[in-house]
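Notes follow the structure.
The values are calculated or read from the model by the stated rules, or taken from the named source; none is laboratory data. Keep in mind that this is a model prediction, so the values were computed, not measured. Note: ideal-geometry Cβ built from the backbone for every residue, glycine included; neighbour counts use all protein chains shown.
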Amino acid sequence: MNADERELLDALLAGEHRALARTISKIENRAPGYRELVSALYAHTGNADVIGITGSPGAGKSTLVDKLAETYRERGETVGIIAIDPSSPFTGGAVLGDRIRMASTIGDMDVFVRSMSARGTLGGLSTATADAVKAMDAFGKDKIIIETVGAGQNEVDIVRTADTVAVLVPPGSGDSIQTLKAGILEIADVFAVNKADRDGADRTVQELREMLHIGEGVDFGGSGHHGADAMADDGTEPTAGTGDGNGAENGNADADAGRAGNDTDSPAEWTPSIVETVATDGTGVDTFIDELAAHRSFLVDSGTHAEKVRERYAEEIRTLLREDINTLLETELEEAGGVEDLAEAVRTGDTDPYAIATEVLSPVAACLEEATVQARGLESESDADRQ
């Protein structure tokens, strides 16, 4: 790490927002020296609570994130927001649409908002997102909220980056819930039926419960008026509220029972909760935050948080290896004449893709084998010295 990068790191750790912005820009642009900078951040991370907010387009994600940040600030916590926007077809950068709907905390230096481009990744998050989270974590943000694009089933990378994932579902989703079933809905730790003051909120909550097999003898930890106990004596669904949390006490009690599991010897499992919110006026946001906090506590108390972090780092290692190997292979391809020339050779029948792949990979594989042999030799010498 050179002197400029060291100075930038020191400024970030000292709490200078300008340094945080510059660091994230360096990370997103993959500028020279960014890897050394990110490596130095790791020693200062692990304290932030990372929350992912996802859901279908139009669910109100940006408005709810804005209210979350405002409420966290009222509770004295600092907030970092990463809004993953669609990629511009011209520049590849973020379109910046989400920033327009986050106005409540403008001017509050303890709320740092950064738009980042998805850069066409199927999982909804660019590789730089995880590094930007580390920058905010090292900076000292208490809560880091990642708002995804809202592309649909493919948007599941958030599970590998966030500690807690909330999926927003608008009222009247109907068949779209089934459409999302195989993907995005299965990643939720908390469901938020946003815009719950609109018609269809009751039905949407019921559909979510049925899809998760909530009504089949499994206690469910919803909040508001839709906890597992919120059924009338005749078995019918009571009139839905708008997530004001009046039933939270009983709902949370059921949540504790359901999440603990019926068998005390079985591993602890988290049962997703359903919260009704109206982001435009903040209704249900406090209850929503309480459910997010409950999941965070569950992760820590059950020991699954350490497992999630380990899996996160394992995926980061795989991602970095894929990126680096891809760069090496691109270099080999250029030395072999470039992809276009190789493709022309395939077209004319001079060779085939498999033969080209074998030829390009051979020197890389040879280098890896040689490095492995050397590493084993050094390890053997070290063992001999210790003996």
Quick check on segment 138-151. Is at least one of its residues touching a helix residue (DSSP H, G or I) at 6+ places or on another chain (Cβ under 7 Å), small (Gly, Ala, Ser), modelled with pLDDT of 50 or more and assigned to a helix (DSSP H, G or I)?
yes
Of the conditions (1) at pLDDT below 85; (2) in a strand (DSSP E or B); (3) among the aliphatic types (A, V, I, L, M), the single one that residue 125 does not satisfy is (2)
On the basis of being of a type in the set (D, E, K, R), at pLDDT below 75 and more than 15 Å from residue 272 (Cβ to Cβ), does residue 175 make the cut?
yes
If we ask which residues in segment 98-118 are more than 19 Å from residue 133 (Cα to Cα), among the β-branched types (Val, Ile, Thr) and either at pLDDT 75 or above or part of a loop (DSSP other than H, G, I, E, B) (or both), their number turns out to be 2
Segment 353-376, subset in contact (Cβ under 8 Å) with a residue 24 or more places away in the chain and among the β-branched types (Val, Ile, Thr), residue surrounded by the fewest Cβ atoms within 10 Å (Cβ to Cβ)
364
With respect to the numbered conditions (1) under 20 Å from the mean Cα position of the chain (by Cα); (2) assigned by TED's automatic domain parsing to the domain that holds residue 187, which one is the sole condition not fulfilled by residue 24?
(2)
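Could you check segment 264-359 for helices (runs of 4 or more DSSP H) lying wholly inside it with 1 or more residues that are at pLDDT below 90? Break it down into steps so the answer makes sense when it comes.
Numbers: elements: 285-302, 304-335, 339-347.
Ranges flagged: 304-335, 339-347.
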